Amino acid sequence: MVKNYLKDVYVGGTDDSRELYASWAATYDKEVQENGYVTPQRVANALKDVVRDQSEHILDYGCGTGLSGSALQAVGFENIDGLDVSQEMVILAEKKSIYKNLRVFDPSNEIPVYRDQYKIITAIGVIGAGAAPLKTFDSLFALLPPDGLFAFSFNDHTLNDPNYEKKVKQCLNSGHAAILHKSYGSHLPKANLKSNIYILKKL
Ligand SMILES: C[S@@+](CC[C@H](N)C(=O)[O-])C[C@H]1O[C@@H](n2cnc3c(N)ncnc32)[C@H](O)[C@@H]1O
C-alpha cells in the first residue's frame, strides 16, 4: 500500500525535513495533485500580474519535484533556477527539464546564492509546518536587491502559528517591504486546506 504523507507532514516540526521528503519524493506529485494542489498556479498567476519582464531570473527556492517551477513556466517565465535540500525531490525535478540550474544544499549551511543574484525569489509551499523554518524568510529576503520580489505561501497549518504572519507584518511595518499581493484561497482543496499567498517588494 502506498503511504499517505499529507496526514503526517504537518505534524511535529523540525529544522530538517530531508528524511521526510526523501521517502515522500516518489509519490509526492501524485498525492498532492490528487488533492488538487493549486498554490503554485495561484502564486505564478499573481507574479505574472506584477512582473513586466518574464525573462527575469527567478530562484524557485524549495523547488521540490518541480511542480512550482512548472506553474511558473506555464504562465510564461523563462529563466527559472531551482534549489532544494532534498536530493530525492530534485532528481525528479531534473526529469521535468524546467530549471536552467538545479542545486541541492545542506540546510545547516548558508543558502548557496549570492546577494542580488536573483530579482525574484519564490518559496511556494516551502516555509512553515513540514518544511523550512521561519528563519528562512529573513535569509531569502536578505538575498534580494532593492525592488526585488519575494513570492511565497503559508498554508493553514502554518498560519495557525501566529509567528509567520507576524514576521510578514514586521517586515512591512518596518518599511523594508511593500505588499503587492496577498490573497487567501485554495491550497489542497481535497484535503480541505487553504493558503495565503504573498508578493512582497523589497524597498
Ligand atoms: C511541500 S514541498 C514544495 C515543493 C515545491 N515548491 C512545490 O510547490 O511542489 C516542500 C519542499 O521544501 C523543501 N525544503 C524543506 N526544508 C527546506 C529548507 N530549509 N530549505 C529549502 N528547501 C527546503 C523540501 O525538500 C521540499 O522539496
Exercise for review: Tally the residues that are farther than 23 Å from Q54 by Cβ and under 15 Å from the mean Cα position of the chain (by Cα), restricting the search to segment 89-103.
Suggested key: 2
Exercise for review: Would you mind finding the one in P146, P107 that is more than 13 Å from the chain's Cα centre (by Cα), outside any strand (DSSP E or B) and farther than 26 Å from Y28 by Cα?
Suggested key: P146
Check your understanding: Which of the residues spanning segment 142-163 are surrounded by fewer than 20 Cβ atoms within 10 Å (Cβ to Cβ) and touching a helix residue (DSSP H, G or I) at 6+ places or on another chain (Cβ under 7 Å)?
Key -> L159
**Study point:** Qualifying residues in segment 59-101 (those that are farther than 21 Å from H187 by Cα, of a type in the set (S, T, N, Q) and free of Cβ contacts under 8 Å to residues at least 40 places away in the same chain) - the one least open to solvent (accessible area, probe 1.4 Å)
**Key:** N79
Check your understanding: Within segment 95-108, is there a residue that is within 11 Å of the ligand (Cβ to nearest atom), more than 25 Å from S195 (Cα to Cα) and at pLDDT below 95?
Key -> yes
Check your understanding: Y118: open to solvent by 80 Å² or more (accessible area, probe 1.4 Å) and more than 13 Å from the ligand (Cβ to nearest atom), yes or no?
Key -> no
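Quick check on this structure: which one of S174, S183 is more than 12 Å from the chain's Cα centre (by Cα), in contact (Cβ under 8 Å) with a residue 60 or more places away in the chain and surrounded by fewer than 16 Cβ atoms within 10 Å (Cβ to Cβ)?
When all the criteria are applied, what remains is S183.
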Review point. Among the residues of segment 56-71, which ones are more than 8 Å from the chain's Cα centre (by Cα) and closer than 22 Å to P145 by Cα?
Key: E56, H57, I58, L59, G69
Exercise for review: Return the total of residues in segment 48-92 being small (G, A, S), outside any loop (DSSP other than H, G, I, E, B) and farther than 19 Å from Q117 by Cα.
Suggested key: 4
Check your understanding: Which one of the conditions (1) away from the ligand (no atom under 11 Å from the Cβ); (2) surrounded by 15 or more Cβ atoms within 10 Å (Cβ to Cβ); (3) of a type in the set (A, V, I, L, M) does A123 fail to meet, given that it meets all the rest?
Key -> (1)
Exercise for review: Among the residues of segment 27-47, write down those that are part of a helix (DSSP H, G or I) and either among the polar types (S, T, N, Q) or away from the ligand (no atom under 13 Å from the Cβ) (or both).
Suggested key: T27, Q33, E34, T39, Q41, N45, A46, L47
Point to revise | Residues being away from the ligand (no atom under 11 Å from the Cβ) and either more than 19 Å from I197 (Cβ to Cβ) or hydroxyl-bearing (S, T, Y) (or both) - total across segment 48-84 | key: 7
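The values are calculated or read from the model by the stated rules, or taken from the named source; none is laboratory data. Computed from a predicted model, the values in this text were never measured in an experiment. A quick note on method: Cβ atoms are made from the backbone with ideal geometry, for glycine too, and the neighbour counts reach across all protein chains shown. With ligands, DNA and RNA removed, areas are computed over all heavy atoms of the protein, side chains included. Shrake-Rupley method; radii C 1.70, N 1.55, O 1.52, S 1.80 Å.
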